[in-house]
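Encoded as structure tokens, the structure appears first; notes follow it.
The values are calculated or read from the model by the stated rules, or taken from the named source; none is laboratory data. Remember, predicted model here, so these are calculated numbers, not experimental data. For neighbour counting, all protein chains shown are included, and Cβ atoms are generated from backbone atoms with ideal geometry for every residue, glycine included. Accessible surface areas use protein heavy atoms only, side chains included; no ligands, DNA or RNA. Shrake-Rupley method; radii C 1.70, N 1.55, O 1.52, S 1.80 Å.
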Amino acid sequence: MSARSPADAGAEPQAAHDAPEAHGSPGAHSCPLCGGPARFAFTAEDRNRRITAERFSYHRCRECSSVFLASPPRDLGRYYGGGYHQFDADGQPLWRGDPGLLAAEAWRVQTLRAIVGGGTLIDVGAGAGGFAAAARDGGFEVSAIEMDGACCELMQRELGVRAICTDRPLETLSTLPPARVVSFWHVLEHLPDPAAALAAANDALEPGGVLAIAVPNPDSIQFKLLRSRWAHLDAPRHVCLMGAGALEERARELGLEPVLKTTSDPSGLACNVHGWVYALRNDPSSGAAPYAALRAGVLLAQALAPVERRGCRGAALTLLLRKPS
């Protein structure tokens, strides 16, 4: 599952600190989604990539239950080391050879076409262009917003997708014509101000248009059991984890109407397996999962599938929100 960088993620990565140090404190912090008061929840390390030995303090909002990084590092870009968007030895994005990812993107396009028919689509944080290419092939007129220069060059040169290279995605949204779809596929959790991102996306939609969101699900069984060991926490790159209730409440304040909510779409089901496999590994940053961990994670996901598919308890939430006509 690809993830997206925050607005300042263009900085060069620096060497990891020699000794652990805590980012944030148990003091008072306000929720970046609803502004409510919060309480200290736990600390977490960069288990996924091991770019740093620091620990990061997460808080939980008392009002909307979002879980967020109490004090995001000002140099957050350095935690996105080389290889964040994965390419093969020939410079091709790995999604091209991954049937699971291709199926997930095709499901997203088909679902959106069933709701809006077609038209212009803006993909914010497009990464290496997997969804943008699928949307183009599905008949949408696509503009991609991405800060990674290599990804933008690939989309322009090989995919035929208009790519806007910028580290100010919300400002860029305001300069584009209204769109039938604005998508934030695993982007919102990386942004320090998700409330502002939702408002900017709403402003960028045509009447009757759809805002498409996928985020790690803090209401999931995995997060309740694994907490700081959960792969989809991805400290410190995931700044804020927002559940369905919190996002729907914010959407209603903006006038958006939920039309689909699921954690059992193809991407969500893949995130379930990914989460269990990573939890069984001592060092997920060391490379591909050993066969034993991979097999055990798949079996665990299969055994828990009835629980994860009930009541949106899966690892990743997909939410489609429509702007009234």
Counting Lys +1, Arg +1, Asp -1, Glu -1, what net charge surrounds Thr120 among other residues with beta carbon under 15 Å of its beta carbon? +1
Cut-off 13 Å between beta-carbons: net charge of the residues surrounding Gly139, Lys and Arg +1, Asp and Glu -1: +1
Protection proxy ranking, peptides 315-325, 166-176, 37-47, average beta carbon neighbours within 10 Å, highest first: 315-325, 37-47, 166-176
Output the peptides 232-239, 298-305 sorted from most to least packed, where packing is the average of other Cβ atoms within 10 Å over each peptide's residues. 232-239, 298-305
How much accessible area per residue does region 122-261 have, counting only protein heavy atoms and a probe of 1.4 Å, in square angstrom? 33
FRET efficiency estimate (nearest 0.05) - Cβ-Cβ, Glu257 to Gln156, R0 35 angstrom: 0.50
What is the sum of charges, Lys and Arg at +1 and Asp and Glu at -1, for the other residues whose Cβ falls under 10 Å from the Cβ of Cys165? -4
Relative contact order (percent) for the chain, with alpha-carbon contacts under 8 angstrom and 6 or more residues of separation? 19
Please state the shape class of region 275-322: rounded when a/c is under 1.5, otherwise prolate if a/b exceeds b/c and oblate if not, all from the C-alpha gyration tensor. oblate
Based on DSSP H runs of at least 4 residues, each adding -39500 (n - 2.57), what is the mean residue ellipticity at 222 nm of the chain after dividing by all its residues, to the nearest 500 deg cm²/dmol? -9000 deg cm²/dmol
Whole angstrom only: what separates the Cα centroid of region 205-228 from the Cα centroid of region 170-195? 15
Asp137 accessible area, assembled protein chains, probe 1.4 Å, Å²: 120
Round to a whole number: what % of the accessible area of the chain belongs to carbon and sulfur, probe 1.4 Å? 51
Which peptide among 118-130, 251-263 comes first, and what is the full order, when sorted by highest mean count of other Cβ atoms within 10 Å? 118-130, 251-263
Assuming a ≥ b ≥ c are the square roots of the Cα gyration tensor eigenvalues, decide whether region 225-269 counts as rounded (a/c under 1.5), prolate (otherwise, with a/b larger than b/c) or oblate. oblate
